[in-house]
Amino acid sequence: MRRRLTARQAIAAVTGDFVEAVAPPGAEIPEDGPLSWSGYADSRARATDRTGEEESVVHGLATVGGYPCVLISFEFGFLGGSLGQRTGDRLEAAYETARSRRLPLVSLIATGGSRMQEGMVALTQLQRVARASSRLRAAGLPQLAVLRDPTTGGGWATLGAGADVILAMPGAQIGFAGSRVRPADADPSAYTAEGQLVTGHIDAVVGTAELPGTLGRWLGALGAAGGDTPLLPAPVPDALSDAGLPATGWDAVGQARSSTRPRAEAYLDAYFDHLLPLSGDRCGGTDPGLLCGFGLRGERPIAYVAQCGTATRPAGYRTAARVIRLADRLGVPVLTLVDTPGAANDAEAERAGAGAAIADAFAAIAEARVPVTTLVIGEGGSGGALALAAPDNTYVTRDSYFSVIAPELAAAILKRSPDAVRVTADQLRLRPQDLVELGIARGIAAPGAPPL
């Protein structure tokens, strides 16, 4: 059996600088709890003798990776890390400390859910946590969760799934249903950290040794955001290709579709010093053709959304909208790299809500108060590309095009012969220089130089 970390061991795994908070007094609770559950007081006493803790949660101020934060850690050995009224008191106090001191909140979670011996009083603690989390979110402060083994029930559905960045320990059991209450024929892989990553519900699986560095980089990216100074747009990336300007529309399409053209991964690696990927739409889907996350350019955090040249799927647009809204809330500028032949339009994409997902991406860009910078690095295919483009701050590379529709499809809709595709491409005025002349793009990025 895998050895579970205690609350104190989990804290020690991420920081050597932790100052525990004094537990808030809270309301007076009868010895056997609000339900007068016979033997509850004895169970608590045995849990304290076994773990050395007075409750299932420890919290206080910490420094992780050189960045201050409020740290919460669950003790699973104390009644299964369950949430009772006293747990709610401590959690609410931790959130309030983070809000009043304007610090990020990091939760190291290991819980089986609400405490049965306190009945509905225990269950309503989830509302307290949700309210406290919402207040912290409204204050523009980040919340990070590390899911230990196990993270189930209301703890997963509030502190865990409600966090901005969700990391998990390898092999951790994660799910709303714990192992004793899920259907007998349930696929066990769906309740693991690795399974939750595949289905887009967490951002990364991180081993114990990597946790301090990973959390530190995230705190550096998210905790350093905001401030009172005017927020500058993300700089336009240098073009990575020395391609010349295309002579014709069809030449532009050919350059954009070239297999040797630099792709999003190369642009992100050249632009950022560190990448902190975010994964999944939190609705059961991922899109490997869309890269999202936060990056550090020097000490400056910038959120990124980058299409990789494939048809973008609904999960991709939902993930992009999630990241853009998080950046907007935290005061981080956004960079989008556009490169797609268009939105996926197969039957599966339609069943997954392609239209609604694209609309949500458009809305996220339109609502953003932080500056958004866009560089079209390849194909700009119709609304599927435009949904991730900044209306007033879009640039293009020489080996890119942007069009209302692909020339082949335009010719087919106009009932033209295949021979007319090249002429149609010219008529669409999709070349980089055309886009600048039309006012769609602000300039053409060049290698190692400001945009033209």
**OP:** Could you tell me whether segment 127-134 includes any residue that is farther than 19 Å from residue 195 by Cα, among the small types (Gly, Ala, Ser) and either surrounded by 24 or more Cβ atoms within 10 Å (Cβ to Cβ) or assigned by TED's automatic domain parsing to the domain that holds residue 330 (or both)?
**Re:** no
**OP:** Could you please let me know if residue 371 is in contact (Cβ under 8 Å) with a residue 60 or more places away in the chain, closer than 27 Å to residue 451 by Cα and in the same structural domain as residue 255 (by TED's automatic domain parsing)?
**Re:** yes
Subject >> Some residue of segment 311-328 being in contact with a helix residue (DSSP H, G or I) (Cβ under 8 Å, 6 or more places away or on another chain), within 30 Å of residue 249 (Cα to Cα) and either of a type in the set (Lys, Arg) or at pLDDT below 95 (or both) >> reply: yes
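Filter segment 422-452 for residues that are small (Gly, Ala, Ser) and surrounded by fewer than 17 Cβ atoms within 10 Å (Cβ to Cβ) and give the result. Working first, answer last.
Initially, segment 422-452 is screened for residues small (Gly, Ala, Ser), giving 425, 439, 441, 443, 445-446, 448-449.
Within segment 422-452, 439, 443, 446, 448, 449 meet the criteria.
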**OP:** Name every residue in segment 203-251 that is more than 30 Å from residue 17 (Cβ to Cβ), among the polar types (S, T, N, Q) and at pLDDT 95 or above, in order of residue number.
**Re:** 248
Subject >> Count - residues of segment 325-350 that are of a type in the set (S, T, N, Q) and either surrounded by fewer than 24 Cβ atoms within 10 Å (Cβ to Cβ) or outside the structural domain of residue 271 (by TED's automatic domain parsing) (or both) >> reply: 1
**OP:** Could you identify the single residue in 380, 309, 289, 298 that is touching a residue at least 12 places away in the same chain (Cβ under 8 Å), crowded, with 17+ Cβ neighbours inside 10 Å and at positive phi?
**Re:** 309
Original post:
Conditions: (1) closer than 19 Å to residue 28 by Cβ; (2) buried (at least 24 other Cβ atoms within 10 Å of the Cβ); (3) acidic (Asp, Glu). Residue 92 meets all but one. Number of the miss?
Top reply: (2)
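Yes/no matrix, rows are residues, columns are (1) crowded, with 21+ Cβ neighbours inside 10 Å; (2) over 27 Å from the mean Cα position of the chain (by Cα); (3) closer than 30 Å to residue 102 by Cβ:
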| site | (1), (2), (3) |
| --- | --- |
| 3 | no, yes, no |
| 38 | no, yes, no |
| 51 | no, yes, no |
| 54 | no, yes, yes |
| 59 | yes, no, yes |
| 62 | yes, no, yes |
| 72 | yes, no, yes |
| 77 | no, yes, no |
Original post:
Out of (1) in a loop (DSSP other than H, G, I, E, B); (2) farther than 24 Å from residue 371 by Cβ, what's the single condition that is false for residue 391?
Top reply: (2)
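Considering only segment 361-377, state which residues are assigned to a helix (DSSP H, G or I) and surrounded by 20 or more Cβ atoms within 10 Å (Cβ to Cβ).
Across segment 361-377, the qualifying residues are 361, 364, 365.
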Subject >> Near pairs, Cβ below 9 angstrom, 6+ apart or cross-chain, from segment 428-444 (in contact (Cβ under 8 Å) with a residue 24 or more places away in the chain and in a helix (DSSP H, G or I)) to any residue that is surrounded by fewer than 20 Cβ atoms within 10 Å (Cβ to Cβ) and of a type in the set (Gly, Ala, Ser) >> reply: 436/443
Original post:
Restricting attention to segment 317-324, does a residue exist that is surrounded by fewer than 24 Cβ atoms within 10 Å (Cβ to Cβ) and free of Cβ contacts under 8 Å to residues at least 40 places away in the same chain?
Top reply: no
Original post:
Listed residues 292, 283; which is closer than 30 Å to residue 173 by Cβ and outside any loop (DSSP other than H, G, I, E, B)?
Top reply: 292
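The values are calculated or read from the model by the stated rules, or taken from the named source; none is laboratory data. Note that the structure is predicted; figures quoted are calculated from it, not measured. We place every Cβ from the backbone using ideal geometry, glycine too, and count neighbours over all the protein chains shown.
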